[in-house]
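Reading through the structure tokens given below for one structure.
Since every read-out is calculated from the coordinates, none of them should be taken as a lab result. Everything numeric in this text was worked out from a predicted model, so none of it was measured. Note: ideal-geometry Cβ built from the backbone for every residue, glycine included; neighbour counts use all protein chains shown.
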Amino acid sequence: MTVSNAGAKRRPPSLAQLRAFAAVAEHLHFRDAAAAIGMSQPALSGAVAALEEALGVTLLERTTRKVLLSPAGERIAVRARAVLAEVGSLLEEAEAVRAPFTGALRLGVIPTVAPYLLPTVIELVHDRYPALDLQVHEEQTASLLDGLAAGRLDLLLLAVPLGVPGVLELPLFDEDFVLVTPLGHPLGGQRDVPREQLKEVTLLLLDEGHCLRDQALDICREAGREDAPVTTTAAGLSTLVQLVAGGLGCTLLPRTAVTVETARNPHLRVSTFTAPAPTRRIALATRTGAARADEYGELACALRKSLAPLPVRTVN
């Protein structure tokens with residue numbers, strides 16, 4: 001496409017010029033248009049004249065009694081209103097970004113946390129940050145980290161440490177693991193069970209990809225169990241405890257999951273370990289240098305207070 005030298009020399013119109021012309025096009029009266037946008041009438045007239053010069057077209061037909069839009073002015077008025085509307089939307093979006101805890105927050109949560117902590121998280125957001133549009137995505141750790149790196153997710157709620165470069169962890173709490181057994185199991189309902197007892201039980205685990213599976217295997221290794229043969233697995237903790245209730249083996253649960261998963265099942269027993277019990281740490285995680293890092297830090301502080309009534313030990 002060839003651009004004429006005359007076109008190349010033209011200066012683009014300013015927003016003030018577009019706003020002045022749009023006002024005149026709406027009111028078809030310079031005095032009324034000037035009053036509507038808070039400009040003096042001479043300034044408004046000068047802005048419209050400057051726009052005509054910038055565009056190289058006549059926008060208005062001026063008479064002693066009234067103002068009319070030229071054919072070009074009718075077409076340009078439509079464009080001017082659209083441009084001003086888009087600029088207004090842009091300014092509103094920028095204001096939302098500047099204002100803390102507004103706009104969308106895309107939160108990724110692992111399945112072994114979501115059912116037990118999300119009620120507290122959602123209540124906190126609704127009560128304390130009502131302008132925040134919380135969007136929740138439940139996925140396994142690897143998928144969450146991919147989403148964070150790609151910008152699909154803003155913040156994660158999951159088990160740490162992650163050991164991933166470029167990810168900032170904001171610890172929330174530590175929680176103990178307990179042993180869940182079927183009714184009648186010799187370790188069922190006991191306190192201060194030595195970890196070494198894990199060498200003697202049939203352990204049921206989640207499917208591969210769940211970080212809780214890896215944590216359970218690490219606990220077994222720390223207990224001196226060299227191998228943990230897995231013959232039965234489950235996609236979620238609810239299914240896992242049902243397998244335990246059916247007598248297929250035992251499993252490890254984080255304390256935050258115990259009430260939800262075991263309270264209504266009379267065929268399950270919960271045992272605690274000798275101190276120090278095996279634990280996991282739960283944290284928020286975001287990209288290092290994230291634009292909203294200060295907001296996420298404040299949210300982490302608020303969450304620690306809200307989660308304190310749960311069977312956890314909050315950390316800073």
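Charge dipole (Cα centre; +1 on Lys/Arg Cβ, -1 on Asp/Glu Cβ; no other charges) of the chain amounts to roughly 1060 debye. Toward the positive end of the charge dipole of the chain, with +1 on the Cβ of Lys and Arg and -1 on the Cβ of Asp and Glu, the farthest Cα among Ala277, Leu179, Thr288 is that of Thr288. Counting only C-alpha contacts under 8 Å and six or more residues apart, can you give the relative contact order of the chain as a whole percent? Result for the chain is 20 percent. Taking every pair of alpha-carbon atoms in the stretch 16-66, give the share separated by more than 18 Å as a whole percent. Of all Cα-Cα pairs in the stretch 16-66, 19 percent lie more than 18 Å apart.
Under a model in which nothing but the beta-carbon of Lys, Arg (+1) and Asp, Glu (-1) is charged, the stretch 1-145 shows a dipole of about 940 debye around its Cα centre.
Taking amide hydrogens as placed 1.01 Å from N in the peptide plane, the amide H of Val178 sits under 5 Å from those of Leu253, Arg255, each at least 5 positions away in sequence or on another chain. Among the DSSP helices (H) of the chain, those spanning at least 24 angstrom by Cα along their long axis with an average Kyte-Doolittle hydropathy of -0.5 or more are 71-98; this is a geometric and hydropathy rule only.
Placing R0 at 45 angstrom, the Cβ-Cβ distance between Thr202 and Glu86 gives a FRET efficiency of 0.10 after rounding to 0.05.
For Ala234, nonlocal amide neighbours, meaning residues 5 or more places apart or on other chains whose placed amide H falls under 5 Å from its own, are Leu205, Leu206, Asp207.
Only Cα pairs under 8 Å and at least 6 apart count here; give the relative contact order of the stretch 5-98 as a rounded whole percent. It rounds to 28 percent for the stretch 5-98. Using just its DSSP H runs of length 4 or more, each adding -39500 (n - 2.57), the chain gives a mean residue ellipticity at 222 nm of -13500 deg cm²/dmol after division by all residues. If you compute semi-axes √(5λ) of the Cα gyration tensor in Å for the structure shown, which of (1) 67, 19, 16; (2) 34, 24, 22; (3) 44, 27, 15 do you land on? Structure-derived value, by its label: (1). Averaging 1/r over each pair of different alpha-carbon atoms in the stretch 45-106 and inverting the result gives 14.3 Å, the Kirkwood hydrodynamic radius.
Pick out which of Ala290, Ala131, Ala263 has the largest mean-square fluctuation in a Gaussian network model of the chain, springs linking Cα atoms closer than 10 Å. Among Ala290, Ala131, Ala263, the largest mean-square fluctuation in the Gaussian network model of the chain belongs to Ala263.
Average projected area of the Cα convex hull of the stretch 5-98, in nm²? Display every interim value, and only then the final one.
Details: hull surface 28.2 nm².
Its average projected convex-hull area is 7.1 nm².
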